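First up is the structure itself, then whatever we jot down about it.
The values are calculated or read from the model by the stated rules, or taken from the named source; none is laboratory data. Since the structure is predicted, the reported quantities are computational estimates derived from the model, not experimental observations. FYI the Cβ positions are ideal-geometry reconstructions off the backbone, even for glycines, and counts take in every protein chain you see. Only protein heavy atoms, including side chains, enter the accessible area calculation; ligands, DNA and RNA are left aside. Shrake-Rupley method; radii C 1.70, N 1.55, O 1.52, S 1.80 Å.
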Amino acid sequence: MGVDEVRGMPDAVTFIGRYWQQRPLLIRSAFADFDCPLSVDEVGGLALDADIESRLILGSTDAGWSLQHGPFDEATLSSLPPQDWTLLVQDVDKHLPELAGVLDRFAFLPDWRVDDLMISIAGDGGSVGAHRDRYDVFLLQAEGRRRWLIDRDPLADLQDDASGPLRLLRGFAPSDDMLLHPGDMLYLPAGLPHHGIADGLCQTWSIGFRGPKLDELLAELFQILVVQCPDSVLTDRLGGPARHRAELDPDSLASLREALRQALQTTPELLDQAIARALSTPKPGLPDPADQPVPDLPEVLPADAVLLRNPVCRILLLPGQDDGFYLNGSLQPLPPGCLPLLRQLASSSQVRVSELALARYGKEGEALLFGLLREEHWWLLDD
Ligand code: SIN
Ligand code: CO
């Protein structure tokens, strides 16, 4: 039996129950209305920008590989060979906020799992080799065709081949071979070996969902513990004169261990705080809204204006908490009664002012919304 194949996105309950983090799924014509908004040349243009992370991979399994990091100049991109090249651009959702709407189609997965929209363009035969990724990914064929080879064998014990510039898999033996056409999408759970090969010039969108990293959660918890730790010098009772001036005596060691153990005590509230801070921290290296000039805002928001969420901004709501929310790594107060307003704002990449029925939330709602606009977590688009 091959990879499960469906036409159109399955319902969210089926997808989460049967496929998410478990098995691949090929979704033919995933979104009936998907119309690729970027040309291959426009994607190439993004790779000229020094603020946008990009990579150019040349080569093939037989010929070997070369990897270059962007930004690139026009001469490099216009002299690419006809075959065997791939140009990859990261975080396109953050750099082109109008494309962040593609993530709305995945709203059955929480925002804290979202990593980015990466877009690749490739000449015929272009590939990044056989590899695994540490995140779950939806590979949406945006333009042209791409062949995907995957290995569904959960016992496949493949090793990374460290000899070249890419993190490739040695001995990749595909169990499935699929040709994706524009609008088709392949879901791959994290860690599943795969190899995509362009069949003619093509454009592929990778919508990546990364799980939280334990070291990031721990780092956040430590910061909280350090800040709340009293600024005190520990006292000791030496058991006797030093046996050797360079030695830490067993009694002092035991009492310092105990002091550390005490300082590491946590409560569920502290753990939740650390988790929420870590999960709402924006990806590093992206444009910081705080660097932008404060926008001019009208006194009254026009009912037909659109509020566009700044895709770098990360909002997180903790269960049961209605007096605060996490925004870009820190806890913000939520005025009484304003939770539904925040939930509605955060439920899609853009919302029309009239849909918010702001009058319901009074002065508090207005203050919340204007605060978010002034700090550029949302933008006001007049149309
Ligand atoms: C590509 O778009 O060429 C590669 C994406 C991937 O395999 O993760
Ligand atoms: Co991959």
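Below are the figures for this structure:
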read-out: Considering residues of the stretch 282-318 that are aliphatic (A, V, I, L, M) and more than 19 Å from Leu341 (Cα to Cα) only, the residue most open to solvent (accessible area, probe 1.4 Å); value: Val294
read-out: Matching residues in the stretch 1-28 - criterion: being in contact with a Lys or Arg (Cβ under 6 Å, 6 or more places away or on another chain) and touching a residue at least 40 places away in the same chain (Cβ under 8 Å); value: Arg28
read-out: Residue that is farthest from the chain's Cα centre (by Cα) [pool: residues in the stretch 93-122 that are within 16 Å of ligand 2 (Cβ to nearest atom) and either within 25 Å of Leu381 (Cα to Cα) or open to solvent by 20 Å² or more (accessible area, probe 1.4 Å) (or both)]; value: Met118
read-out: Pairs with Cβ under 8 Å, 6+ apart, first in the stretch 33-55 and closer than 9 Å to Val89 by Cβ and free of Cβ contacts under 8 Å to residues at least 40 places away in the same chain, second open to solvent by less than 50 Å² (accessible area, probe 1.4 Å) and assigned to a loop (DSSP other than H, G, I, E, B); value: Ser54/Ala47; Ser54/Gly70; Ser54/Phe72; Ser54/Gln90; Arg55/Gly70
read-out: Exclusive hit being within 16 Å of ligand 2 (Cβ to nearest atom) and open to solvent by 10 Å² or more (accessible area, probe 1.4 Å), set Arg134, Arg145; value: Arg134
read-out: In the stretch 138-190, residue nearest to the chain's Cα centre (by Cα) [restricted to those that are within 26 Å of Arg113 (Cβ to Cβ) and of a type in the set (Lys, Arg)]; value: Arg167
read-out: Unique residue being assigned to a helix (DSSP H, G or I), of a type outside the set (A, V, I, L, M) and open to solvent by 40 Å² or more (accessible area, probe 1.4 Å) when the list is Gln344, Gln332, Gln321; value: Gln344
read-out: Evaluation of Ser79 against (1) within 16 Å of ligand 2 (Cβ to nearest atom); (2) farther than 30 Å from Arg309 by Cα (one fails), failing number; value: (1)
read-out: Filter result (touching a residue at least 24 places away in the same chain (Cβ under 8 Å), surrounded by fewer than 16 Cβ atoms within 10 Å (Cβ to Cβ) and within 15 Å of ligand 2 (Cβ to nearest atom)) within the stretch 153-174; value: Arg167
read-out: Checking Leu186 against (1) more than 21 Å from Thr14 (Cα to Cα); (2) within 14 Å of ligand 1 (Cβ to nearest atom), the condition it does not meet; value: (1)
read-out: Residues that are charged (D, E, K, R), at pLDDT 95 or above, outside any helix (DSSP H, G or I) and within 29 Å of Lys283 (Cα to Cα), drawn from the stretch 2-50; value: Arg23, Asp49
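Results for (1) surrounded by fewer than 12 Cβ atoms within 10 Å (Cβ to Cβ); (2) under 18 Å from Leu103 (Cβ atoms); (3) outside the structural domain of Pro193 (by TED's automatic domain parsing), shown as yes or no for each residue.
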{"residue": "Ala12", "(1), (2), (3)": "no, yes, no"}
{"residue": "Gly17", "(1), (2), (3)": "yes, no, no"}
{"residue": "Phe31", "(1), (2), (3)": "no, yes, no"}
{"residue": "Gly44", "(1), (2), (3)": "no, no, no"}
{"residue": "Ile57", "(1), (2), (3)": "no, no, no"}
{"residue": "Asp73", "(1), (2), (3)": "yes, no, no"}
{"residue": "Leu80", "(1), (2), (3)": "no, no, no"}
{"residue": "Asp84", "(1), (2), (3)": "no, no, no"}
